[in-house]
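Here the structure comes first, spelled out in C-alpha cells, and everything after it is commentary.
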Amino acid sequence: MASSDVTEQERVNDVRGAVRLTHVTHRYGRGDGAVTAVGPVELDVPAGEFLVLVGASGCGKSTLLRLLAGFEQPTHGTVHVSGAAPRPGQAAGVVFQQPRLFPWRTVGGNIDLALRYAGVPRDQWGHRRAELLARVGLESTGKRRVWEISGGQQQRVAIARALAAENAVFLMDEPFAALDALTRERLQEDVRLVTARTGRTAVFVTHSADEAVFLGSRVVVLSKRPGTVVLDLPVPLPRGDIDPEELRGSAEFAALRARVAHEVKAAAA
C-alpha cells in the first residue's frame, strides 16, 4: 500500500506544471458562419519550460492561452494543465495586455485581493504581499494608489498578483505590447528572472521575434488562421546570470531571432 502511494505521488509531481494539448481545435460560431480559430494543435510543455507562442494577428495565439487558462473549452481535443482540465483561476496565473487592476484599491490592496482568492490565511498576507512586491521590484509602492504609478509599474503589479496563488503555470498574453520600448525591455528582463527563480512553467504570447527569443526556452510559431504549429524551436541560450545586453548582442541570439522572424513572415503570407 505504501509503495502504491509513493508511486502515485511521484506521478502527481511529474505532471505538476506540465501542459498538454492533444488534437486541439477551437471554433467560434455555428453552422455556415463558424470560424476555426486554431487547430489541430499538438503540444507538450514540460514543467519549468518557458514556451513562447508567436505569430501574426489572428493566428490563434490568444485562443490557445484562453484554453490553457480554462476560460474556454476546445471544440475538439483535450487540454490538460498539471494533469487535469484547466479551471479559471485555479489552473494558472494569468497576465493580460492591460494590467486590469482595481483603481479604488492601493497597490498592496490589489495583491491582498489575489491572496484572498488564493485562499492564503489573512495573517500571512503582509509577509506574502511584501515578498511578491519585492520579487517584481516594487518594495516601496504598497500604499500607493494605482494611478500614482507608471504603466510599467502597473504591469509589474499585475505580474505579482498572478504569482500570488503559486500556481505551477504562468500565462501571459502580450503583457508588454502597450509599453514603450525601454520599459518593455526592462520588464522582459524582470519576467525572465522571476520565472527562472520560481521554476514555474510559462506560456507567453507575442508578435515579436525579438521578444520570443529573449524570453523563451522554446519558441512555437503558428500559421495564419486556423493556427497550426509551423516551427517548434528550442532556444539553447543561457538562462542563468547573464547580462541582457550581452545576450541580445550575441551572434546566437541574432541567428535565432532571424529564423523566427522569417518563419513568422512566411507563415503569415
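Quick note: the coordinates plus some simple rules give every number you see, no bench work behind them. This is a predicted model, so every value here is computed, not measured. Because the Cβ atoms are built from the backbone with ideal geometry, glycine has one as well, and the counts that use them run over all protein chains shown.
Table for the structure above
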{"item": "Sparsely packed chymotrypsin sites (Phe, Trp or Tyr not before Pro) within the stretch 98-184, loop by DSSP, other Cβ within 10 Å at most 11", "result": "104"}
{"item": "Cβ-Cβ FRET estimate between residue 140 and residue 57, R0 fixed at 25 Å, reported to 0.05", "result": "0.10"}
{"item": "About the Cα centre, charge dipole magnitude for the stretch 134-269 (Lys/Arg +1, Asp/Glu -1 at Cβ), debye", "result": "420 debye"}
{"item": "Positive-end residue, the chain charge dipole about Cα centroid, Cβ charges, pick of 242, 204, 94", "result": "94"}
{"item": "Distance between the stretch 197-213 and the stretch 113-172 - C-alpha centres, whole angstrom", "result": "20 Å"}
{"item": "DSSP-assigned coil residues among GluC sites (Glu not before Pro) in the stretch 92-196, each with at most 13 further Cβ atoms within 10 Å", "result": "139, 166"}
{"item": "Theoretical ellipticity at 222 nm over the chain - DSSP helices of four or more residues, -39500 (n - 2.57) apiece, nearest 500", "result": "-12000 deg cm²/dmol"}
{"item": "Computed E for residue 15/residue 181 - FRET, C-beta separation, R0 45 angstrom, nearest 0.05", "result": "0.70"}
{"item": "Sites excluded, trypsin sites (Lys or Arg not before Pro) in DSSP loops with at most 10 other C-beta within 10 Å, longest stretch of the chain", "result": "144-269"}
{"item": "Three-way shape call for the chain based on the alpha-carbon gyration tensor, with the a/c threshold at 1.5", "result": "rounded"}
{"item": "Contour minus Cα-Cα distance for residue 250 and residue 198 (0.36 nm per residue)", "result": "16.1 nm"}
{"item": "Backbone N within the stretch 15-34 under 15 Å of label point (7 Å from residue 266 Cα along the Cβ vector)", "result": "none"}
{"item": "All lysines inside 21 Å of residue 265 as judged from Cα atoms, apart from same-chain residues fewer than 8 positions distant", "result": "61, 224"}
